[in-house]
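Below: the structure, in structure tokens.
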Amino acid sequence: MRVDAIKNGIVLDHIEAGRALEIYHLLSLDKVSCPVAILTNVSSEKMGKKDIIKIDGALSLPLEILGVISPSITIVLVEDGKVREKRHVSLPKEVTDFLRCKNPRCITSTEQGIHHRFHLTGEKNAVYRCVYCDAQWS
Amino acid sequence: MRHLIDIMDFSAAEIDELIATATDIVAHPEKYREKCRYKKLATLFFEPSTRTRLSFEAAMMELGGQVLGFSEASSSSAAKGESVADTAAIVSGYADIIAMRHPKEGAPLVAASKSDVPIINAGDGGHFHPTQTLTDLFTIHLEKGSFENLTVGLCGDLKFGRTVHSLIAALSRYTGIRFVLISPEELKVPSYVKNTYIKEKGIPYKQTTSLDEAMPELDVLYMTRVQRERFFNEEDYLRLRDSYILTPEKMEKAKKDMIVLHPLPRVNEISTEVDKDPRAAYFRQAKNGKFIRMALILKLLEVD
């Protein structure tokens with residue numbers, strides 16, 4: 001499938017193979033009305049295998065956060081069938097209310113009304129830890 | 001206003017300052033008897049504790065202050081479903097400082113975000129227990145004179161033991177420290193703790209499964225309990241448990257001025273016969289907890 005096959009939208013390229021579905025759910029793409037294509041295990045010179053998500057619609061999505069999931073992701077913005085911008089994701093220092101702590105002993109598992117916050121503790125391996133309990137997000 | 005949630009909230013210089021105050025309290029207790037007059041400490045213990053709660057309460061009483069609080073969640077509004085944040089906001093209107101123990105990790109951090117008074121983390125699940133680390137540091141300093149050039153052995157459950165991780169982090173800031181990590185393969189120090197506080201700081205360390213082998217080189221031996229529930233098979237547990245029981249025979253291999261610490265409670269990992277050895281410092285350590293908590297209360301209440 002070609003990147004310019006969509007008219008106005010977003011292509012998330014170079015996703016670590018096997019993680020596209022996770023990103024699909026994290027971005028709540030199951031709730032959008034525009035066409036969304038998920039390609040998995042696509043051959044890649046750079047990565048061996050990769051996943052791709054193509055969103056055929058001009059949506060406002062928290063894309064910068066994707067570095068948390070897979071730092072290799074490239075975001076491609078398409079306008080009128082042409083690539084308008086191509087950029088790599090960065091690693092945000094802190095992520096609020098995007099990830100949920102999976103540690104059942106964490107206070108976020110019971111306390112209502114608090115923000116779910118993770119902070120970057122290892123830039124090299126994109127390690128994020130829960131601000132409250134220090135559990136590593138994976 | 002400061003809180004103490006994680007031992008690393010305080011710099012090494014601030015910890016040195018607390019140790020100096022605690023040392024002065026031991027030498028001149030009369031100077032401190034009225035320091036917290038008309039001040040109140042709330043001890044909010046959502047799970048049981050002996051040493052920590054009583055030492056906090058004794059510390060405040062010896063400073064001339066008063067205490068209020070509860071010692072189990074069932075006797076608080078938590079039993080009715082009140083949130084940690086609401087409890088902290090309300091109690092901060094009644095007390096000048098709060099010590100909180102909670103089974104959920106991160107609960108004291110949530111409390112700190114809503115409290116108008118300093119919050120002290122008195123243990124949050126298996127996460128942090130900074131006043132235990134202050135107690136450990138104060139005891140090492142009292143017994144050894146300084147933290148410089150010490151070989152510190154940590155023995156037992158180094159994987160899940162929260163006091164071990166905090167002690168490694170705190171000691172890693174002093175020069176000349178060397179660690180000997182003594183544990184079964186299954187309970188080794190987590191790699192992120194080892195990488196962050198030992199390897200990346202270039203601190204010399206050794207990992208071994210043999211307590212006997214490590215004994216002669218240690219200046220401090222920090223014992224922890226090997227917990228049965230951490231093992232998948234009973235046979236492994238029994239084999240490993242017995243190799244980490246500190247006995248008078250093992251103590252014979254240690255230096256004459258080595259000290260043994262333990263955060264307590266112990267089960268069987270230190271034979272009671274070791275108690276009479278002058279190098280057994282764990283009961284002195286428990287007593288020291290009161291003095292360092294007095295120093296901490298003074299610091300957080302900004303009392304001169």
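The values are calculated or read from the model by the stated rules, or taken from the named source; none is laboratory data. From a predicted model like this one, the values you see are computed outputs, not experimental measurements. Note: ideal-geometry Cβ built from the backbone for every residue, glycine included; neighbour counts use all protein chains shown. Just so you know, the surface numbers come from the protein's heavy atoms only, side chains and all, with ligands and any DNA or RNA stripped out. Shrake-Rupley method; radii C 1.70, N 1.55, O 1.52, S 1.80 Å.
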Compactness check, the range B:172-277: C-alpha Rg relative to the 2.2 N^0.38 Å globular estimate gives 1.12
Expressed as a percent, the accessible surface of the range A:3-88 that is carbon or sulfur, using a 1.4 Å probe and the full set of protein chains, is 50
In peptide B:108-115, what is the residue-averaged number of other protein chain Cβ atoms found within 10 Å of each Cβ? 2
Taking placed amide H atoms and a strict 5 Å upper bound, the residues 5 or more places from A:GLY122 or on another chain that come that close are A:VAL127
Report the calculated FRET efficiency for B:GLN227 and B:ASP9 (r = Cβ-Cβ distance, R0 = 22 Å), to the nearest 0.05. 0.20
Counting only protein heavy atoms and a 1.4 Å probe, tell me what percentage of the range B:229-304's accessible area is made up of carbon and sulfur. 52
Considering only protein heavy atoms, what is the solvent-accessible area of B:LYS199 at a probe of 1.4 Å, reported in Å² to the nearest 10? 110
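Between B:THR23 and A:SER138, what FRET efficiency comes out of the Förster formula 1/(1 + (r/R0)^6) with R0 = 41 Å and r the beta carbon distance, rounded to 0.05?
My answer for the efficiency is 0.40.
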Separation of the B:TYR38 and A:LYS93 label points, Cα + 7 Å toward Cβ, nm: 4.2
Could you compute how much accessible area chains A and B hide from each other, both sides summed, with a 1.4 Å probe? Nearest 100 Å² is fine. 1100
When chain A is modelled as a GNM with alpha-carbon springs shorter than 10 Å, which of A:PRO71, A:PRO62, A:PRO104 fluctuates the most? A:PRO104
Low-density loop GluC sites (Glu not before Pro), the range B:109-185, at most 15 other Cβ within 10 Å, DSSP non-H/G/I/E/B, are B:GLU148
Antiparallel DSSP bridges in the protein assembly as shown: what percent, to the nearest 5? 50
Area accessible to solvent at B:ARG37, 1.4 Å probe radius, in Å²: 130
Ranked highest first by average number of other Cβ atoms within 10 Å, how do B:237-250, B:286-299 line up? B:286-299, B:237-250
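With r defined as the distance between the Cβ atoms of A:GLU64 and B:LYS256 and R0 fixed at 60 Å, what FRET efficiency is calculated, to the nearest 0.05?
Computed FRET efficiency for A:GLU64 and B:LYS256 comes out at 0.50.
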Please report Rg (one decimal) and Dmax (integer) in Å for the Cα set of chain B. 19.4, 56
Cut-off 10 angstrom, C-alpha nodes, Gaussian network model of chain B. Which of B:ALA27, B:ALA42, B:ALA169 fluctuates the most? B:ALA27
Based on alpha-carbon centroids, what's the gap between the range B:53-129 and the range A:40-56 in Å, whole number please? 51
Heavy-atom accessible area, 1.4 Å probe, ligands and nucleic acids excluded: residues of the range A:107-138 down by at least 40 Å² from chain alone: A:ILE107, A:GLU111, A:ARG129, A:TYR132, A:ASP134
If I stretch the segment between B:ILE90 and B:SER113 completely, what's the gain in nm (0.36 nm per residue apart, minus their alpha carbon distance), one decimal? 7.0 nm
The extension gain from B:SER210 to B:ASN149, computed as 0.36 nm times the residue separation minus the Cα-Cα distance, is 19.7 nm
Per residue, in Å², the accessible surface of the range A:3-88 once ligands and nucleic acids are set aside, probe 1.4 Å: 52
Can you give the average number of partner chain beta-carbon atoms within 10 Å of each beta-carbon in peptide A:98-105, as a whole number? 2
Less than 24 Å apart at the alpha-carbon level, and either on another chain or at least 8 residues along: which lysines does that give for A:LYS54? A:LYS7, A:LYS31, A:LYS46, A:LYS82, A:LYS86
Which of the GluC sites (Glu not before Pro) across the range B:263-304 are loop residues per DSSP, with 14 or fewer other Cβ within 10 Å? B:GLU302
Find, among the GluC sites (Glu not before Pro) in the range A:1-49, those assigned to loop by DSSP (not H, G, I, E, B) with at most 12 other beta-carbon atoms within 10 angstrom. A:GLU45
Rounded to the nearest 10 Å², what accessible area does A:ILE10 have for a 1.4 Å probe in the complete protein model? 10
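How much net charge surrounds B:THR139 when only the other residues with a Cβ under 10 Å from the Cβ of B:THR139 are counted, with Lys and Arg +1 and Asp and Glu -1?
Counting the neighbours of B:THR139, the net charge comes to +1.
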15 Å beta-carbon shell around B:ILE245, net charge (K/R +1, D/E -1): -2
Straight-line reach from B:LYS255: which lysines have Cα under 22 Å away, leaving out those fewer than 8 places along the same chain? B:LYS144, B:LYS206, B:LYS276
